[in-house]
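Here is the structure we will look at.
The values are calculated or read from the model by the stated rules, or taken from the named source; none is laboratory data. Fair warning: this is a prediction, and the values are worked out from it, not measured in the lab. In this analysis, Cβ positions are derived from the backbone assuming ideal geometry, glycine residues included, and neighbour counts consider all displayed protein chains. Note: areas computed on protein heavy atoms with side chains; ligands, DNA, RNA excluded. Shrake-Rupley method; radii C 1.70, N 1.55, O 1.52, S 1.80 Å.
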Amino acid sequence: MNNEPLPAGLYIVATPIGNLGDLSQRAADTLRRADLILAEDKRVTAKLLAHAEVRTRMRTYHDHSGETERERIVAELADKAVALVSDAGTPLISDPGYKLVRAAREAGHAVHTLPGPCAAVAALTLAGLPTDRFLFLGFLPTKAKARAETIAEVATVRASLVLYESGPRLAESLQALGDGLGSREAAVAREISKLYEECVTGNLAELAERYADTPPKGEIVIVVGPPPAAAEATNEQLDQALDEALAIMTPSRAAAAVAEQLGLPRKRVYARALERGR
Ligand code: SAM
């Protein structure tokens, strides 16, 4: 066990999202060797520290703690190792820390991260939906209009969507997602890494119906698959669109416009545009 003091700086420490066994050795060492731990809720973090036999003193920190508190912490970073944790998972991900990291960087202090559990990433690994591109949306707004607007904003994004949700609001959110995105594959990942971990898959309407009368208990992540790929344009459609564009644009501009319009690779459309332009 390394008991050397840590070099001064800010240490972002990910903690378990349900299973204390997921606290990494490096995270436990860092918490033990730090001069101070900043926690969202000291009572929650006290349980983790007791488990890891860490006795480092704690102070509460939230991004709305205010500028004065942040300045105090930034001053401490000059000669202290300060660890930041949230109640569970990775700090800054729908949790406090962004403003503090920014302020620490601006002041020229060292910032280190200790990667670990994050419910959003864990849910992606369970869902069986595309993971090559994903968009994390955090929690949807609670008011219906703002929620619908947020969903409309991302409706055409070609990526899986990842959202945090609570049991009582799950069905309503699934319904709103179905209304705004149409029929898409989705997954509801619940209680990840805990005793009753489950991941239920189906399309958005099926899932909304399943949870309508029985709101599930525990913590939840929704993953929604990307929009289905548009049916590929036929060669006739491509040629017609290109001929119209080439009548008023250079081949390069015509290719860009038609590629965008038909959702085709620009290179392929440009090659065809050169042939048609001859
Ligand atoms: N920073 C955390 C992280 O890295 O995942 C997330 C903090 S956010 C305030 C809490 C939300 O994360 C919960 O409401 C839930 O949507 C999701 N969450 C956290 N733990 C979870 C778990 N074990 N299973 C499923 N979702 C979880």
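Can you tell me which of Arg72, Arg59, Arg43, Arg55 is without any contact (Cβ under 8 Å) to a residue 24 or more places away in the chain and in a loop (DSSP other than H, G, I, E, B)?
Values: Arg72 fails: in a loop (DSSP other than H, G, I, E, B); Arg59 fails: in a loop (DSSP other than H, G, I, E, B); Arg43 fails: in a loop (DSSP other than H, G, I, E, B).
Only one candidate qualifies: Arg55.
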Which numbered condition Ala119 misses (of (1) touching a helix residue (DSSP H, G or I) at 6+ places or on another chain (Cβ under 7 Å); (2) among the aliphatic types (A, V, I, L, M); (3) surrounded by 15 or more Cβ atoms within 10 Å (Cβ to Cβ)):
(1)
For Ile248, only one of the following conditions fails: (1) farther than 30 Å from Leu129 by Cβ; (2) of a type outside the set (Lys, Arg); (3) not in a loop (DSSP other than H, G, I, E, B). What is its number?
(3)
Which residue out of Asp41, Asp63 is more than 24 Å from Gly218 (Cβ to Cβ), within 13 Å of the ligand (Cβ to nearest atom) and not aromatic (Phe, Trp, Tyr)?
Asp63
Restricting to the range 240-259, what's the tally of residues that are over 31 Å from the mean Cα position of the chain (by Cα) and surrounded by 15 or more Cβ atoms within 10 Å (Cβ to Cβ)?
11
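Looking at this structure, is Leu262 open to solvent by less than 40 Å² (accessible area, probe 1.4 Å) and touching a residue at least 12 places away in the same chain (Cβ under 8 Å)? Walk me through how you get there before you give the answer.
Numbers: open to solvent by less than 40 Å² (accessible area, probe 1.4 Å): no; touching a residue at least 12 places away in the same chain (Cβ under 8 Å): yes.
Criteria not met by Leu262.
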Residue pairs meeting the criteria (Cβ under 9 Å; at least 6 apart or on separate chains; first under 20 Å from Leu124 (Cβ atoms), in the range 225-238; second at pLDDT 75 or above and surrounded by fewer than 10 Cβ atoms within 10 Å (Cβ to Cβ))
Pro227/Thr156
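Tell me whether the range 120-131 contains one or more residues that are in contact with a Pro (Cβ under 7 Å, 6 or more places away or on another chain) and near the ligand (Cβ under 8 Å from one of its atoms).
So in the range 120-131, the residues in contact with a Pro (Cβ under 7 Å, 6 or more places away or on another chain) come out as 130.
If we keep only those that are near the ligand (Cβ under 8 Å from one of its atoms) as well, we get none.
No, because not a single residue in the range 120-131 is in contact with a Pro (Cβ under 7 Å, 6 or more places away or on another chain) and near the ligand (Cβ under 8 Å from one of its atoms).
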(1) on the phi < 0 side of the Ramachandran plot; (2) open to solvent by less than 10 Å² (accessible area, probe 1.4 Å) all hold for Gly89 apart from (1)
Checking Ala273 against (1) surrounded by 20 or more Cβ atoms within 10 Å (Cβ to Cβ); (2) within 25 Å of Gly18 (Cα to Cα), which single condition isn't satisfied?
(2)
In the range 39-61, anything within 16 Å of Arg72 (Cβ to Cβ) and exposed (fewer than 14 other Cβ atoms within 10 Å of the Cβ) is listed as Arg57, Thr60
From the options Val188, Val157, residue that is within 16 Å of the ligand (Cβ to nearest atom) and touching a residue at least 24 places away in the same chain (Cβ under 8 Å)
Val188
Out of everything in the range 151-166 that is surrounded by fewer than 18 Cβ atoms within 10 Å (Cβ to Cβ) and not in a loop (DSSP other than H, G, I, E, B), what residue ends up being farthest from the chain's Cα centre (by Cα)?
Ala152
Note on the range 167-186: residues surrounded by fewer than 22 Cβ atoms within 10 Å (Cβ to Cβ) and assigned to a strand (DSSP E or B) are Glu185
Which ones in the range 83-119 are more than 10 Å from the ligand (Cβ to nearest atom), touching an Asp or Glu at 6+ places or on another chain (Cβ under 9 Å) and not aliphatic (A, V, I, L, M)?
Tyr98, Lys99
